[in-house]
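The values are calculated or read from the model by the stated rules, or taken from the named source; none is laboratory data. This is a predicted model, so every value here is computed, not measured. Here the Cβ is made from the backbone with ideal geometry for all residues, glycine too, and neighbour counts use every protein chain on show.
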Amino acid sequence: MRILTFLYTLWAAFWFVFLFLLLFPFFWLFLQKSEWKPKAHYLNRLWGKIFFPIIGIPFDIQYEFEPDEKKPYVFCANHFSYADIAAMGLIIKNYYAFVGKASIKGVPLFGYMFAKLHIQVDRNDKNSRATSLTRSIKALQSGRSIMIFPEGGIKSTNFPQMYLPLKDGGFSMAIQQQVPIVPISLLNNYKIMHDNEFAVYPQTLRAIVHKPIETTGMTQDDVETLKQTFYDIVQGALNKYEASTKQ
């Protein structure tokens with residue numbers, strides 16, 4: 001069984017890299033001008049929409065809410081797996097910027113694309129955190145959405161329980177710009193690709209896009225309340241799904 005898992009993982013890795021290399025010349029071209037960057041973002045979506053089906057991972061996305069592609073949101077999701085980033089290309093149709101770890105920039109080619117298209121943050125550097133917050137706010141002001149994992153990385157040691165405390169950044173910027181938080185529950189990505197081993201396990205990728213949490217009228221004093229509301233929605237969905245798999 002382990003050899004089959006190993007061979008399947010190599011197969012998935014091959015298609016992941018091959019498809020990216022195939023698309024990279026177009027990524028590079030579209031990243032040369034700011035007005036072309038939405039096309040590079042579309043390539044990210046295309047990459048995910050081809051990659052998952054081709055390796056035998058179908059997806060089942062439940063939309064309790066269909067985001068308006070012309071409006072900005074702060075999309076927030078739980079983060080249990082490296083598959084989460086690629087999955088977002090399937091889930092979110094809006095033009096968005098990831099707020100992700102600065103270390104991703106060091107990955108050959110992929111790091112170049114990420115650095116040009118998204119927002120990097122070194123959470124151990126106050127200046128980096130401040131810069132990423134400023135860039136995120138400018139993105140929202142321009143009509144571009146933000147995608148962020150409030151746990152601050154893959155930190156949970158007891159899946160599917162989210163890691164606490166959640167980071168303030170995404171909630172603070174949503175309140176400052178008075179844009180909705182859209183919670184997303186990634187129900188089983190940690191079962192598809194574990195954080196602690198180089199292995200991929202094929203099964204249907206499942207996620208829920210929840211109804212937005214409005215921030216109109218909120219102030220920075222409401223950040224903790226907003227975080228708790230988000231947590232209750234996402235953790236509630238994770239608990240419900242986990243219970244259903246054990247019946």
Qualifying residue in region 36-43 (condition: assigned to a helix (DSSP H, G or I), among the small types (Gly, Ala, Ser) and more than 20 Å from Thr204 (Cα to Cα)): yes
Residue match in region 98-112 (condition: farther than 24 Å from Tyr190 by Cα and either aromatic (Phe, Trp, Tyr) or assigned to a strand (DSSP E or B) (or both)): yes
Filtered residues of region 112-147 (kept if over 15 Å from Tyr96 (Cβ atoms), of a type in the set (D, E, K, R) and in contact with a strand residue (DSSP E or B) (Cβ under 9 Å, 6 or more places away or on another chain)): Asp122, Arg123, Arg129
Test set (1) without any contact (Cβ under 8 Å) to a residue 24 or more places away in the chain; (2) touching a strand residue (DSSP E or B) at 6+ places or on another chain (Cβ under 7 Å) - Leu90 fails condition number: (1)
All positions within region 212-230 that are of a type outside the set (Asp, Glu) and either outside any helix (DSSP H, G or I) or closer than 16 Å to Asn158 by Cβ (or both): Pro212, Ile213, Thr215, Thr216, Gly217, Met218, Thr219
Residues satisfying the stated conditions in region 1-53, i.e. loosely packed, with under 15 Cβ neighbours inside 10 Å, modelled with pLDDT of 90 or more and small (Gly, Ala, Ser): Ala13
The lone exception for Ala87 - which of (1) within 27 Å of Gln178 (Cβ to Cβ); (2) crowded, with 21+ Cβ neighbours inside 10 Å it fails: (1)
Lone unmet requirement of (1) in a loop (DSSP other than H, G, I, E, B); (2) at pLDDT 95 or above for Gly153: (2)
Unmet criterion (only one of (1) modelled with pLDDT of 90 or more; (2) closer than 20 Å to Val223 by Cβ; (3) in contact with a helix residue (DSSP H, G or I) (Cβ under 9 Å, 6 or more places away or on another chain)) for Asn188: (2)
Lone qualifier among Ile208, Ile175, Ile233 - being crowded, with 19+ Cβ neighbours inside 10 Å, at pLDDT 95 or above and assigned to a strand (DSSP E or B): Ile208
Filtered residue count, region 131-149, keeping only those that are out of contact with any His (no Cβ under 8 Å at 6 or more places or on another chain), assigned to a loop (DSSP other than H, G, I, E, B) and within 21 Å of Asp84 (Cβ to Cβ): 1
Unique match (being touching a Leu at 6+ places or on another chain (Cβ under 6 Å), polar (S, T, N, Q) and over 30 Å from Met1 (Cα atoms)) among Gln120, Gln177, Gln141: Gln177
Count of residues meeting criterion [within 26 Å of Met218 (Cα to Cα) and either in contact with a strand residue (DSSP E or B) (Cβ under 9 Å, 6 or more places away or on another chain) or among the polar types (S, T, N, Q) (or both)] in region 153-174: 8
